[in-house]
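Please treat every number below as a calculation from the coordinates, not as lab data. Since the structure is predicted, the reported quantities are computational estimates derived from the model, not experimental observations. Glycine gets a Cβ as well: all are built from the backbone with ideal geometry, and neighbour counts include every protein chain shown.
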Amino acid sequence: MSESVNKTIETDAEIDPDIDTAPRPQTEAQTDNETETDGTAVDSGSPPAAAAEDTAATAAGENAAEESSTDDVSEDDVSEDGGSEDGGSEDGGSEDGDSEDGDSASRPGRRERLEQEGDIAADYLEELLEITDLDGDLDMDVEGDRATVSIVGANLPQLVGEQGEVLEALQELTRLAVYRETGERSRLMLDVSGHRAARRTALEEQATEIVARVKESGEQSSLEPMSPFERKVVHDVVAAAGLRSESEGAEPRRYVVVLPA
């Protein structure tokens, strides 16, 4: 339908020069698509240490988007894009009379797509380990609404960094590798040598202590700056305890504030 309209406008413009043929402004959907593809020209074969500096800004921006808009809602409770693009036709089917149900049925299910993301990520990481001459085994799983990949079996601090900054950059590179193959944005979670698992345990203990302190004093308490992954762990613990929390500040100094009931 849109192609027919465009052809009609172009024909009329040739007959009547007064018709405005200036380019139409981009729609919001087009702008979003361009935003999502920014920064995908990262060399997926680059060693993680060299790529960390080039992708630091990308990692901060993309990971910050993983937190929900209210910061106290679990990521797994909210669809990232607000809904599925293949959710079916509106009120009566597509304009050309073809049912979209057939297309939806032919597409893999959500879990199958996440498993595919894990396979793509594992292939990318396996090649990276070979290039950098590092040892490690790959574990893949699906947790909630995201694929997870872990590099285990070896201590690889060079893939983690002092504060996990190399791991965050490597995770972004891996997500970009998945995006290149699938054309869909990935929320894959990467762990190396159990760093995230250990960090999660430590954060849960710290958040529990902060919650107890806030309940006793009735005053709010702030934690140190954290990554989006770390802030989400704290938000979950605080919510489970019946209190509220919110994130303040700007990346990379964004932190969690625990509020009294």
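Over the stretch 150-227, what relative contact order in percent results from Cα pairs under 8 Å that are six or more residues apart? Worked out over the stretch 150-227, it gives 29 percent.
Neighbours of Arg213 by Cβ distance under 14 Å: Lys/Arg scored +1, Asp/Glu scored -1, total -3.
Cβ-to-Cβ counts within 10 Å put His235, His195 in ascending order as His195, His235, the fewest first. Highest mean packing comes first when the peptides 114-126, 248-260, 130-142 are listed by Cβ atoms within 10 Å, giving 114-126, 248-260, 130-142.
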